[in-house]
1. How do the helices (runs of 4 or more DSSP H) wholly within region B:1-59 filter down when requiring 1 or more residues that are of a type in the set (Lys, Arg), more than 10 Å from DNA strand D (Cβ to nearest atom) and away from every other protein chain (no Cβ under 14 Å): which remain?
2. Could you check how many residues of region A:116-135 are within 10 Å of chain B (Cβ to nearest Cβ) and open to solvent by 10 Å² or more (accessible area, probe 1.4 Å)?
3. Of the residues that make up region B:55-72, is at least one over 29 Å from the mean Cα position of the chain (by Cα) and within 16 Å of DNA strand C (Cβ to nearest atom)?
4. Check residue A:158 against each of (1) of a type in the set (Asp, Glu); (2) within 14 Å of another protein chain (Cβ to nearest Cβ); (3) in contact (Cβ under 8 Å) with a residue 40 or more places away in the chain and name the one condition it does not meet.
5. For the list (1) open to solvent by 10 Å² or more (accessible area, probe 1.4 Å); (2) on the phi > 0 side of the Ramachandran plot; (3) facing another protein chain (nearest Cβ under 8 Å), I need the number of the one condition that residue A:142 fails.
6. Scan A:188, A:178 and give me the residue that is among the charged types (D, E, K, R) and surrounded by fewer than 20 Cβ atoms within 10 Å (Cβ to Cβ).
7. If you check every pair at least six apart or on different chains, which have Cβ atoms under 8 Å apart with a residue in region B:31-43 that is under 20 Å from residue B:61 (Cα atoms) and near DNA strand C (Cβ under 9 Å from one of its atoms) first and a residue that is open to solvent by less than 30 Å² (accessible area, probe 1.4 Å) and not hydrophobic (A, V, I, L, M, F, W, C) second?
8. What residue, among those in region A:156-171 that are more than 12 Å from residue B:140 (Cα to Cα) and open to solvent by 10 Å² or more (accessible area, probe 1.4 Å), is farthest from the chain's Cα centre (by Cα)?
Number of protein chains: 2
Amino acid sequence: MNQESRRALIRKLVASRGECSVEQLAVELGVSGMTVRRDLQALCEDGRLIRTHGGATLGERATFEFAFLDRVNKNQEAKTAIARAAVRLASDARSVMLDGSTTTLAVARQLRGRSGLTVITTSLPAAAQLQHEPGIDVLLPGGYIRSASPDLTGSLAETNLELLRAEIAFLGADAVDDRGNVFTNPPDNSAVLLKMAASAQRVYVVADHTKLGKPALRRFGQLTQWAGLITDEACDPDFVDQLQQLGIGVIVAPFE
Amino acid sequence: MNQESRRALIRKLVASRGECSVEQLAVELGVSGMTVRRDLQALCEDGRLIRTHGGATLGERATFEFAFLDRVNKNQEAKTAIARAAVRLASDARSVMLDGSTTTLAVARQLRGRSGLTVITTSLPAAAQLQHEPGIDVLLPGGYIRSASPDLTGSLAETNLELLRAEIAFLGADAVDDRGNVFTNPPDNSAVLLKMAASAQRVYVVADHTKLGKPALRRFGQLTQWAGLITDEACDPDFVDQLQQLGIGVIVAPFE
DNA sequence: ACAAGTATGAACAGAAATGAACTGAATGTC
DNA sequence: GACATTCAGTTCATTTCTGTTCATACTTGT
């Protein structure tokens, strides 16, 4: 029994029973619980099942569900703080753009309950969060769904974003250095991000404190061109000073 | 009973009864009231139900989700049979269009495992089903997410569909009458359906036996214009005869 | 055959879930 | 409007689960 067939069998067992415990799977497959956990983690990252404490279940993907992504989310507290600050900035906006990062997903969650708002987003989880909000229209620009993460990319997305306009855009960054350069990691789609930035009157970069002060692979913009950075209060104050001396607006969101 | 399935069960119980008390849930689930409270809070934060004093009621979002799941689960066997026949017709197609009906969602499920395929769909659940298939590219035409059902509509969707082409399209119908007229119920988006039909080389209407022999509110097409109808073996043979005498191709899919 | 990389399992430390007890808030009753 | 009752939410202890780390076995490519 190799890894691949074992994982296939786990998928089958979970699919047929709807739910399996780690221990149960370990006994049935004749491997240790540790191995089962690693398998479940891998399958969960692929979105093939939903990890639970003690086991795994089948997601209700008959509906448009991306809730399982929330659990993968790191630094939830910081992102929620940033999101609260972000929606405050957008309090009178009637159109908001959100990219496909996990930080902007937190923004989407904070937008719930708003009315008279159109949200343009490439993020399918954000769309799922907002689809049933009575006061919010969700507009997807279309495009290919990236296999690595549930958001839209490609020339169709770019072309459509050129035709759309929003009052404010929130873009997630994988890294921000002390010169105000904003980075993303491939295979992230910097082209789509740039189209979003070009189509919004005000552009804020959202990045929690773990993203600050280091570069990443692909530079896609400069904070001096945009409205500023929103980060959380666990960040380094010296870093914030440096950016502010460059004339960059920095908003430090407090925790609850 | 782990957390995930317990919360799923709570959702079901609240959905079926409209309202549940904390104490009632605690007894039925065999957990403490404290655990129920924590579950309810989590579900409430996700917008899945509305917390009340002493219990919880159904929120708007949950209402939509369960209404959609009901539709998905209706005549599941027939829809699966139709879907199997559909993917056989599309066995050498490299591009497939799927609309947002529950029958075409079954087609999406049957497409899993295929490779070298691009699926163009307005259905967000279908997209969710296929997003992790390594051999399948999922292309969304964009547009507004309808509030009543999770699919895309609006002029953006229509414009983009005009630019796209597929070898074969499967469109769900709410009704097919004995003259070959194909109907949809408002607020279904017949404009998007027509754009899909116009952009595909072969167009099949998929409709289980409960949809046959009756009209619905909005006529959006005629089977004689298209490649034919796929239905299931529980249909009325006389009805099939009538359509065939009009020169319409009818495929009757057998159950497993 | 050898070496590099991968998979596996054991042990342990940290995290999460749960329930009990307690305090504070909301609702209903008189 | 005051009181009683019920409910909610915090805190803490207990249990269970998770994931890191490390050592070993296995697989794969050269």
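1. Numbers: elements: B:3-17, B:22-29, B:33-45.
Where helices (runs of 4 or more DSSP H) fall fully within region B:1-59 and carry at least 1 residues being of a type in the set (Lys, Arg), more than 10 Å from DNA strand D (Cβ to nearest atom) and away from every other protein chain (no Cβ under 14 Å), they are B:3-17.
2. Selection size over region A:116-135: 6.
3. Yes, that holds for at least one residue.
4. It is condition (3) that residue A:158 fails.
5. (1)
6. After ruling out the rest, the residue left standing is A:178.
7. B:39/B:6
8. Restricting to residues being more than 12 Å from residue B:140 (Cα to Cα) and open to solvent by 10 Å² or more (accessible area, probe 1.4 Å), the top hit is A:163.
The values are calculated or read from the model by the stated rules, or taken from the named source; none is laboratory data. Just so you know, these numbers come straight off a predicted model, no measurement behind them. Cβ: placed from backbone, ideal geometry, glycine included. Neighbour counts: every protein chain shown. Just so you know, the surface numbers come from the protein's heavy atoms only, side chains and all, with ligands and any DNA or RNA stripped out. Shrake-Rupley method; radii C 1.70, N 1.55, O 1.52, S 1.80 Å.
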